[in-house]
Every structure is written in structure tokens, then in C-alpha cells.
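The values are calculated or read from the model by the stated rules, or taken from the named source; none is laboratory data. Just so it is clear, the model here is predicted, and its values are computed rather than measured. Because the Cβ atoms are built from the backbone with ideal geometry, glycine has one as well, and the counts that use them run over all protein chains shown. The accessibility values were calculated without ligands, DNA or RNA, using every heavy atom of the protein model including side chains. Shrake-Rupley method; radii C 1.70, N 1.55, O 1.52, S 1.80 Å.
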Amino acid sequence: PIRKRYDIGYSAKFNRVVIPHRHYATGEIVGIIGRTINELYEELDIPKYFPIIKYPKSNNLYGLYENYSEIQKKGYVVVYEAEKSVIKRSARLDNTGVALGCHTISKQQVNILKSLNTEIVIAMDKDVKLYDVLKICDEFYPLYNVSFIKDSFNILNEKDSPADTN
């Protein structure tokens, strides 16, 4: 069901999970990203994420089209760094996530999030500096309820997302 929800595929030729990106409002496919599943990608100098059909990620939020109604119903949105986190949380029946596609936020993404008129939870990967997370929060505070997830108990590995925990 999750594979179908996000139209996720697999390229045997390139050993990549294929992730279509849908426009946050219309659902039209605007880009396609491939994520390697080769664990030695760094050692082999293989990019972890590779655009199959390039598009400006900064103009979109991955997963918003699929998760919009649940975000509105719950009254909050969880903002992750990567698509994998959105998908992983959906597999755990949490459809409140969206992904920036990187560890910074653009003005367009800020505006999209503001238009949701919900609480905003920033959940960046552990390796993103607290200063950078607070900069993202500052885009919304004090007009919007915004919070962030911090690994105070050192549960996550260095490059893990909060979505990587149960």
C-alpha cells in the first residue's frame, strides 16, 4: 500500500529506488528522484540521491499532495529532510509528514507550509546543526505554532532522521 500511495518503483539497472515527486497542490508529477540502495555508495562515489527527472525541489514539498487531508485532520505537519522519512512514517500509519528534499528551507516552502494553517514540527536529520534548525523555526515563529525534534537522549545515529525510530 505505501509503494502504491507514493508510486514508488525500483530500477534494477541502476539499483535505485525510484521516487516520483508530485506537485504539492495538483498531484502532477514534477520530478523523479532515484535513491541508491547500495550501502557502499560513499566508498564507490555513487550519489545517494540522483535526479532522474530534475526539477527545483525548493518549489515543492514532497508528500504534501498525498498527506494533505491527514495533515489538515490532525492539525499539524512534520517537516523532514528527505523523502525516505515521509515514506517510513506513512508505513507506520503516520501520514503527517512532508520533506524539503534538503536540510534548508526555501521561501516558497515556507509559504506553502504557512498556507496549511497548522502547527509545524521540524524534524531534521541528526547531523543538521541546532542553529540551522532554529533558523527554520524562526521563519514561522511567533505567528505559527512551531516546534522541533531534538535527539536529547542520543538515540539516533549521526545521519539518522527522527523518523528512523519507532
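Can you tell me what share of the DSSP beta bridges in the chain is antiparallel? A percent to the nearest 5 is fine.
Values: 15 of 26 bridges.
Here the share of antiparallel DSSP bridges comes out near 60 percent.
Looking at the square roots a ≥ b ≥ c of the eigenvalues of the Cα gyration tensor of segment 1-77, which shape do they give, rounded for a/c under 1.5, prolate if a/b is larger than b/c, or oblate?
Prolate.
How much of the accessible area of segment 20-156, in percent, comes from carbon and sulfur atoms when a 1.4 Å probe is used?
Looking at segment 20-156 in its full context, I get 53 percent from C and S.
Enumerate by residue number the chymotrypsin sites (Phe, Trp or Tyr not before Pro) in segment 95-159 meeting two conditions: DSSP loop (anything except H, G, I, E, B), and at most 13 other Cβ atoms within 10 Å of the site's Cβ.
F153
Among the lysines, which have Cα under 16 Å from the Cα of K4 when same-chain residues fewer than 8 positions away are ignored?
List returned: K84, K88.
Q108 versus Q72, label points 7 Å from Cα toward the beta carbon: distance in nm?
Going from the Q108 label point to the Q72 one covers 2.3 nm.
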